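Worksheet: the structure to be examined is printed underneath.
Where a number appears in this text, it was derived from the coordinates with a stated rule and is not lab data. Not measured: the values here are computed from a predicted model. For neighbour counting, all protein chains shown are included, and Cβ atoms are generated from backbone atoms with ideal geometry for every residue, glycine included.
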Amino acid sequence: MPVNIQAYQALGRELGEDVTLVAVSKTRPAAEIKELYDSGHRDFGENYVQELVAKQAELPADIHWHFIGHLQSNKVKQIAAFVHLIHGVDSLNLLREINKQASRNNRVISVLLQMHIAREETKFGLDEDELEKILHADSILAELKNIFVAGLMGMASFTSNQEEVSREFEWLSSLLKKYSSLQLPNLHLQTLSMGMSNDYLLAVKAGSNMVRIGSLIFGERS
Ligand SMILES: *Cc1c(COP(=O)(O)O)cnc(C)c1O
């Protein structure tokens, strides 16, 4: 299936300049990413480390690669040299490992903390208490000089109940607002990554400024 450039352009107009569109290219071949790149797009999202590493080697160096999946600590080193933003960070241990690998690469890696906003039980994401612990662990965070915590990320429940989805997005948005005035040398929560193909409109309405969209642009994944 070819890249749907028309849908991509319509999204761009709809989202405007204040919302970053991350084109989620997982499972799609490098040639399709290149096609979108050639039309001017630079932000791409992947959620498997091996796949990301292979594509990064093959594609232009000025692509902003977003890692949006669940990142295992032992795989951080494979992407530390080039990753632009890691969306799914949900533990201090992972923050420590990202900091270590960033330091080895003489760079600062930006991350988003993943919050558990869905009603569904999933292993991933922090609750507010855990977030507070990370934010108030000034001493620990302060030592992690090679990370920058730029914001929050979340995934809404997989449901057709739009009110439910909106409520979850609103909650995450209010959480970002609550902590956005907190400024540490390596933390300032300003980016709100929420919204996918089927719920990005609700997400933007609730205050998202970064959406992660795959199937609307690349077609349904098999
Ligand atoms: C796959 C994926 C997306 C994109 O999903 P679509 O429904 O194809 O837009 C967004 N975020 C995450 C974390 C994903 O894994």
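Within the chain, the longest run free of trypsin sites (Lys or Arg not before Pro) that sit in a DSSP loop with at most 11 other Cβ atoms within 10 Å is 1-122. For the chain, hydrophobic long helices are taken as DSSP H runs at least 24 Å long by C-alpha position along their axis with mean Kyte-Doolittle hydropathy of 0.0 or more; none is present. If you build a Gaussian network model of the chain, linking Cα atoms that sit under 10 Å apart, which residue out of Ile140, Ile98, Ile63 swings the most? Fluctuation is largest for Ile140. When each pair of different Cα atoms in segment 39-109 is counted once in the 1/r mean, what is the Kirkwood radius in angstroms, to one decimal? Evaluated over segment 39-109, this radius sits at 12.3 Å.
Under Stokes-Einstein, with the Kirkwood radius over Cα pairs as Rh, the value for the chain at 25 °C and 0.890 mPa s is 138 µm²/s. Computed over the Cα atoms of segment 88-152, the ratio of the radius of gyration to the Kirkwood radius (Rg/Rh) comes to 1.00.
Summing Cβ point charges (Lys, Arg +1; Asp, Glu -1) relative to the Cα centre of the chain gives a dipole of roughly 660 debye. For the chain, with the dipole built from +1 on Lys and Arg beta-carbon atoms and -1 on Asp and Glu ones, taken about the Cα centre, which of Thr27, Gln183, Val53 lies farthest toward the positive end? The listed residue farthest towards the positive side: Val53. Extension gain, Leu135 to Phe158, is 5.4 nm, computed as 0.36 nm per intervening residue step minus the present C-alpha separation. Using Cβ point charges alone (K and R +1, D and E -1), the dipole size of segment 43-141 about the Cα centre works out to roughly 540 debye. Taking Cα centre as origin and charging only the Cβ of basic (Lys, Arg, +1) and acidic (Asp, Glu, -1) residues, the dipole magnitude of segment 83-194 rounds to 640 debye.
At the listed q of 0.15, 0.16, 0.20, 0.23 Å⁻¹, the Debye profile of segment 15-79, built from one uniform point per Cα, gives log10 I(q)/I(0) equal to -0.46, -0.52, -0.78, -0.98.
Past the 27 Å Cα-Cα mark, which pairs from Lys75/Lys133; Lys55/Lys77; Lys77/Lys178; Lys26/Lys145; Lys34/Lys100; Lys55/Lys100? The pairs that break the limit, which is 27 Å between Cα atoms, are Lys77/Lys178; Lys26/Lys145; Lys34/Lys100.
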